[in-house]
Amino acid sequence: MTQTLHPLSRERLEALLDAISETVVLVVGDVMLDRYLMGDVERISPEAPVPIVTVVDEHAVPGGAANVAANLAALGASPMLHGVVGDDAAGEALLQALADRAIPTDGVQTQSGRPTTTKTRIVARGQQVVRIDLEVTTPLPDRTREALLQAALAAMPACGAVVLEDYDKGVMDPGLAAAVIAAATAQGIPVVVDPKQRNFFGYAGATVFKPNRRELEQALGTHFAGDDRDLADARTRLGADHLLLTLGAEGMVLVSADAPLRRTPSIAREVFDVSGAGDTVTAWLAAALAAGAEVTDAVWLANLAAGVEVGKQGTATVSADEVMEAWEEEVGDDR
């Protein structure tokens, strides 16, 4: 049996947004810089059959775990970010972008000889032409890893939720994840995990484990047709309290122990760009849990925020005011 998550009432949403503004969320994971080169295409290169993009604008924003932190700041929470950048221009640009958003950077370690993960997207007339990734994905040196872990553990008591944001760029590993989850569990702090393939099964004990369908199917080597038992078995194998499977245009499915599957349809009115939508879901989910929301309410709220984010171009954030406006359009006086 499958149930549909019910929208939040106006009173509950307003109270939750007020509570979220007082929360502190610890974010640990792979930070990166998202660069955008915006331009026009008017001709094909004589050197090769490729378009020539004349750049008219360039900007950079926090990406990966740094985008989760940026989303948390935009929605009114206080993020505490822990990750690693290189001793390079991209690292300086990322730290400045975080500072511009009033996000503390003292938890971000600098590792010389390792480039800051950078994703450069070339966009012409609203369409992405190509993405160029600069990255090193090997594990962190022991000293940097230990400094990162100890700083995160020291910051944890002040936090209402923890996010582990894994992009397979070398920051996360099963031992680090286990140490963070164990410390959070001992302090009664919920942990939200956004996984990737390398450490997919290294997050046992997490409160919410949030893969998308492709990630889950690749990790488990199977195709999910929405069968309740298959998803329940997947949650058990992963060792999480809740499995939140994101399905793009089909919305989300929440799988919990001793409860029926619960679904929420996509609330996106217009899909312009899906990059960064997962980070928005993670941020809103963690902030709501930090504010004391039930997981079902947190999931519904995160899904609403994702519907706003995909209507924006590029890696973007979603504010509490935007979520309130989306609620008015989607639910309005019905609740």
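For this structure, a couple of remarks:
- Residue 258 vs. criteria assigned to a helix (DSSP H, G or I), without any contact (Cβ under 8 Å) to a residue 24 or more places away in the chain and farther than 21 Å from residue 281 by Cα: no
- Those strands (runs of 3 or more DSSP E) of segment 1-119 in which 2 or more residues are surrounded by 14 or more Cβ atoms within 10 Å (Cβ to Cβ) occupy 24-29, 31-44, 51-64, 78-86, 108-111.
- Exclusive hit being among the charged types (D, E, K, R), in contact with a strand residue (DSSP E or B) (Cβ under 9 Å, 6 or more places away or on another chain) and free of Cβ contacts under 8 Å to residues at least 12 places away in the same chain, set 43, 35: 43
- For first residues located in segment 291-307 and of a type in the set (Ser, Thr, Tyr), partners that are surrounded by fewer than 24 Cβ atoms within 10 Å (Cβ to Cβ) and lie 6+ apart or on another chain with Cβ distances below 6 Å form the pairs 296/5.
- Whether a residue is polar (S, T, N, Q), more than 14 Å from the chain's Cα centre (by Cα) and part of a helix (DSSP H, G or I) was assessed, and residue 280 does not pass this test.
- Residue within segment 140-149 that is assigned to a loop (DSSP other than H, G, I, E, B) and at positive phi present: no
- Residues in segment 205-252 that are hydrophobic (A, V, I, L, M, F, W, C) and under 18 Å from residue 280 (Cβ atoms): 7 in all.
- Residue count for segment 19-57 satisfying the condition of being more than 24 Å from residue 184 (Cα to Cα) and within 27 Å of the chain's Cα centre (by Cα): 8.
Each reported figure results from applying straightforward, stated rules to the coordinates on display, with no laboratory input. What you see is a predicted model, and the numbers here were worked out from it, not measured in a lab. We place every Cβ from the backbone using ideal geometry, glycine too, and count neighbours over all the protein chains shown.
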